[in-house]
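Colleague: Could you have a look at this structure, given as structure tokens, before my questions?
Since every read-out is calculated from the coordinates, none of them should be taken as a lab result. Keep in mind the model is a prediction, meaning the values are calculated, not measured. Heads up, the Cβs are rebuilt from the backbone with ideal geometry, glycines too, and the neighbour counts pull from every protein chain shown.
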Amino acid sequence: MCSFIFLISLDEINKESFLNANQLIKSRGPDKTNTFFTKYEKFHIASVHNLLDISGFGIKQPLIDESGKILLFNGEIYHPSEKDIPDSLLLFKEFQRNNLSSFLKKGLGEFVISSIDLKNKIINLFVDLIGTKPLFYAHKDNQLCIATYSSVLENLGFDSIQNINSNKEITIDFSNLKKPNFFYKEIYNLNLE
């Protein structure tokens, strides 16, 4: 099982505190740790991903492109026709095509995904149908943080931590980071009649 943290802030991010918080979850991904710090427009961004490499591909995350799209992923996608492509690259390709939500509705898997579109100031969080992987978020003042474990958010000083339940897609408009907008919907439409 991998782990990740994504923090976006209007204030400068304390790198030492951020990396110390990662120590709480680093053991979940012992094969490779990658950190990423940048500034985009007025936003300070920090991310860390700890990889448990089951597939043997060893794909470094976050995945980032020149248009400002960032993807963090933990889990497995069951997509037999694309078995030679690492799950993270398959998801990133669909994200770049603006097709990630539709792709997930047609597929199966155990996953949590955080897709960030810096240009459009949108974050989408996805949790699979069963909710086998944890994902949390919290907001305070000028910061929004997403992590695979709530202990990270607590360590970074967040309270009012939200657990994302199974079968959810949450869209966050962070254009006003002091008061972001949250939109919730189900990934799969379950008709149990």
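Colleague: Place a label point 7 angstrom from the Cα of LYS39 along the Cα-to-Cβ direction, then list the residues of region 104-118 whose backbone nitrogen is under 19 Å away.
Modeller: The answer is 118.
Colleague: OK, next. Go through region 3-18 residue by residue and turn each phi into a ³J(HN,Hα) via Karplus (6.51, -1.76, 1.60, θ = phi - 60°); whole Hz please, and just put x for glycine and proline.
Modeller: Those phi angles translate into 8, 8, 9, 9, 10, 10, 8, 7, 9, 4, 8, 6, 4, 5, 5, 4 Hz.
Colleague: Using unit Cβ charges (K, R positive; D, E negative) and no other charged atoms, how large, in debye to the nearest 20, is the dipole of the chain about its Cα centre?
Modeller: Dipole magnitude for the chain comes out near 280 debye.
Colleague: Along region 111-117, what does the Karplus equation 6.51 cos²θ - 1.76 cosθ + 1.60 (θ = phi - 60°) give for ³J(HN,Hα), rounded to whole Hz, x for Gly and Pro?
Modeller: Each residue's phi maps through the Karplus curve to give 7, 10, 9, 10, 10, 10, 10 Hz.
Colleague: Now for a separate question. So if each residue of separation counts as 0.36 nm, and I subtract the Cα-Cα distance between LYS105 and LEU89, what length gain in nm does that give?
Modeller: The LYS105-LEU89 span can extend by a further 4.0 nm.
Colleague: What list of ³J(HN,Hα) values in whole Hz, one per residue of region 93-103 in order, does the Karplus curve 6.51 cos²θ - 1.76 cosθ + 1.60 (θ = phi - 60°) give from phi, with Gly and Pro shown as x?
Modeller: Calculated HN-Hα couplings, in order: 4, 5, 5, 5, 7, 6, 10, 5, 4, 5, 4 Hz.
Colleague: Over the chain, what is the relative contact order in percent, taking alpha-carbon pairs closer than 8 angstrom and at least six residues apart?
Modeller: Taking the mean separation of contacting Cα pairs over the length of the chain, I get 20 percent.
Colleague: What is the calculated FRET efficiency for LEU10 to ASN165, with r their C-beta to C-beta distance and R₀ = 25 Å, to the nearest 0.05?
Modeller: 0.30
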